[in-house]
Amino acid sequence: MATINEHFLKLRAGYLFPEVSRRVRAYQEKNPKAKIISLGIGDVTQPLPPAIIKAMKKAVDEMGNKATFHGYGPERGYDFLIDAIIENDYKSRGVDLDRSEVFVSDGAKCDTGNILDIFGLDNVVAITDPSYPVYVDSNVMAGRTGEANTKGQYKKIVYMPCTAENGFIPALPKSHVDIVFLCFPNNPTGAVATKKILSKWVDFAYKRQAILLFDAAYEAFITDPKIPHSIYEIEGAKDVAIEFRSFSKTAGFTGVRCAFTVVPKQLKAKGPRGKAVKVNPLWSRRHSTKFNGASYISQASAAAVYTDEGKEQCRKIIKIYMRNANLIHSSLARLGYQVYGGKNAPYIWLKTLSNMSSWNFFDRLLQNANVVGTPGEGFGPAGQGYFRLTAFATPENVKEAMGRFAGI
Ligand code: MLT
């Protein structure tokens, strides 16, 4: 009989968002008339902007024509998209990248999990608590952790608590670590990192010979011009960091799928006999072996994000979501909640009422207000007693949900 990867058995409960959906479905079945509003999973609700639809339709037409049809594309992505990314997302911020350093994919979720394939199982990984669950679960699946304790923390992972006391910014680990996951603007807390904070991390990684896995999927939501959008805005970061970006929230691509990862050519990690080995060719090898590239249609659509029209239209949509964030933040603060995030990020992180557990608060909100959020505990033990709301619902639903909050 075939055997399984036993590390999967260490995983606690189901993946967070399917578990939330399961509970919502069960409630809806029992209460078919309930008009449930979801501020749970960060899924966008505004349709794709016209410039992107135009590019997408053109790409579809090209696929139907013998002369312009595209089969397999380059695994790393089409140059037309890579060039637009380099020019607009990096050069404009003083960062020079080479085409070979950008890898287009179908999602930052997959990339933040898959990147671990190229790193040894003996690496000590540091992860913030709370964090996007993919970082922890992917390491568990790979066998880089021990069992979970009763709090839900896995042995061998170095947890970096993010609390109201430290402003949800993790302290530098005191113990040995090799790989550090960072996410700014943060999912789930909505915290952002200044240049000073990111510089500390880059210095730390340099001194400790560690690698930073920097998830910048929400950079488009930064409104404060002093907050860096990319880790590479920090001097020396190309020696120590990999960056993940996504079109999902920036341009409404959650259902289209397109993202990219930057792996600098100069980034190195320890190979056999302690020799430093370049990481970029390893990721290139992994990417081209297990992935055949994002579809031509997705990439042609993503390139339209960088046209003048596309930029303007995406900015307008982001403004809608940020107005939602603002409304959620101010409404909850008025109701007496301790509220965080939502200023340079589409997530609002709040303390539950009367220290209620996150899942109890979830149930109370679902039952009394028919509003869905995400229990903070699902992002890690330090999220216990907290709750996450997203700003990605429609403005009408956000307004209605805030009215219902008053009555719980
Ligand atoms: C979230 O709600 O945390 C995100 O939408 C999940 C994801 O991007 O995979």
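The values are calculated or read from the model by the stated rules, or taken from the named source; none is laboratory data. The structure presented is a predicted model; accordingly, all values stated were derived computationally and were not measured. Positions of Cβ are generated from backbone atoms using ideal geometry, with glycine treated the same way; all protein chains shown enter the neighbour counts. Surface areas here come from the heavy atoms of the whole protein model, side chains and all, with no ligands, DNA or RNA. Shrake-Rupley method; radii C 1.70, N 1.55, O 1.52, S 1.80 Å.
Quick one: in the range 341-400, of everything that is of a type in the set (Ser, Thr, Tyr) and over 19 Å from residue 160 (Cα atoms), which residue is surrounded by the fewest Cβ atoms within 10 Å (Cβ to Cβ)?
Of everything passing the filter in the range 341-400, 354 is surrounded by the fewest Cβ atoms within 10 Å (Cβ to Cβ).
Among what's in the range 242-275 and is over 12 Å from residue 217 (Cα atoms) and free of Cβ contacts under 8 Å to residues at least 40 places away in the same chain, pick the residue that is least open to solvent (accessible area, probe 1.4 Å).
The qualifying residue least open to solvent (accessible area, probe 1.4 Å) is 271.
Take the residues in the range 1-17 that are outside any helix (DSSP H, G or I) and either at pLDDT below 85 or of a type in the set (S, T, N, Q) (or both), then tell me which one is nearest to residue 188 (Cα to Cα).
Of everything passing the filter in the range 1-17, 15 is nearest to residue 188 (Cα to Cα).
Got a sec? Which of 73, 94 is in the same structural domain as residue 279 (by TED's automatic domain parsing) and at positive phi? Break it down stepwise before answering.
Numbers: 73 fails: at positive phi.
None of the others qualify; the one that does is 94.
Return the residues of the range 331-345 that are without any contact (Cβ under 8 Å) to a residue 60 or more places away in the chain and aliphatic (A, V, I, L, M); say none if nothing qualifies.
Within the range 331-345, 333, 339 meet the criteria.
Could you give every pair whose Cβ atoms fall below 8 Å, whose first residue belongs to the range 230-241 and is farther than 13 Å from residue 101 by Cβ, and whose second residue is open to solvent by 20 Å² or more (accessible area, probe 1.4 Å) and acidic (Asp, Glu), counting only separations of at least 6 or pairs across chains?
Going by the 8 Å Cβ cut-off, the qualifying pairs are 236/203.
Only one of 58, 35, 109 is in a loop (DSSP other than H, G, I, E, B) and either among the hydrophobic types (A, V, I, L, M, F, W, C) or at pLDDT 95 or above (or both). Can you tell me which?
Among 58, 35, 109, only 35 is in a loop (DSSP other than H, G, I, E, B) and either among the hydrophobic types (A, V, I, L, M, F, W, C) or at pLDDT 95 or above (or both).
Do any strands (runs of 3 or more DSSP E) entirely within the range 174-273 hold 2 or more residues that are within 19 Å of the chain's Cα centre (by Cα), not assigned by TED's automatic domain parsing to the domain that holds residue 384 and not β-branched (Val, Ile, Thr), and if so, which?
179-183, 211-215, 241-246, 259-262
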